[in-house]
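The values are calculated or read from the model by the stated rules, or taken from the named source; none is laboratory data. On a predicted model such as this, the values are computed, not experimentally measured, just so you know. Don't worry about glycine lacking a Cβ; one is built from the backbone with ideal geometry, like all the others, and counts go over all protein chains shown.
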Amino acid sequence: MSRYIADAIRQEVAVRAGFRCEYCQIHQDDAFYPFQIDHIVSRKHGGQTLLDNLALACFPCNVNKSSDVGTILLPQQIFIRLFNPRLDSWNEHFSVESGRLYAKTTIGEATIKVLKMNEIERIIERS
Ligand SMILES: [Zn+2]
């Protein structure tokens, strides 16, 4: 398990994602900062640098996600895992209107919360 991700792997992840952030769906051409390669299950939690565990992520999604794999949603106080672009369908968990993301599921809700996907600058950037 290496920290280094080969250029060929980066390119394959980007092409597979259609050059969109796999969390918030912003296109690379519309984002201020270059996109990054996210370990869906972070190395801290045993995730490996394999295509099945990698996702294309915009800078704010990747920074806010960090090594998190889920969160506690109140008031139920139950652990909810984050959206996994390799296992989950984006349209099943999210919708978007005028740049604002809406959760359709608790997984969507948890992901919007942890990745701070609806900060005002991000809504403006997305719309
Ligand atoms: Zn994003």
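Couple of notes before you dig in:
- The residue pairs whose first member lies in the stretch 10-30 and is more than 20 Å from ARG100 (Cβ to Cβ), whose second member is more than 10 Å from the ligand (Cβ to nearest atom) and of a type in the set (Asp, Glu), and whose beta carbons are closer than 8 Å, counting only pairs six or more residues apart or on different chains, are PHE19/ASP29.
- The stretch 1-60, subset among the hydroxyl-bearing types (Ser, Thr, Tyr) and in contact with a Cys (Cβ under 9 Å, 6 or more places away or on another chain), residue surrounded by the fewest Cβ atoms within 10 Å (Cβ to Cβ): TYR33
- Selection count where residues are surrounded by 12 or more Cβ atoms within 10 Å (Cβ to Cβ), hydrophobic (A, V, I, L, M, F, W, C) and at pLDDT 95 or above, scope the stretch 68-122: 15
- Flag for ARG10 being more than 14 Å from the ligand (Cβ to nearest atom) and either basic (Lys, Arg) or part of a helix (DSSP H, G or I) (or both): yes
- Filtered by the rule that a residue be in contact with a strand residue (DSSP E or B) (Cβ under 6 Å, 6 or more places away or on another chain) and within 24 Å of LEU54 (Cα to Cα), the stretch 73-101 gives PHE79, ILE80, ARG81, LEU82, PRO85, PHE94, SER95, LEU101.
- Hits in the stretch 17-39 - residues which are more than 11 Å from the ligand (Cβ to nearest atom) and part of a helix (DSSP H, G or I): ASP29
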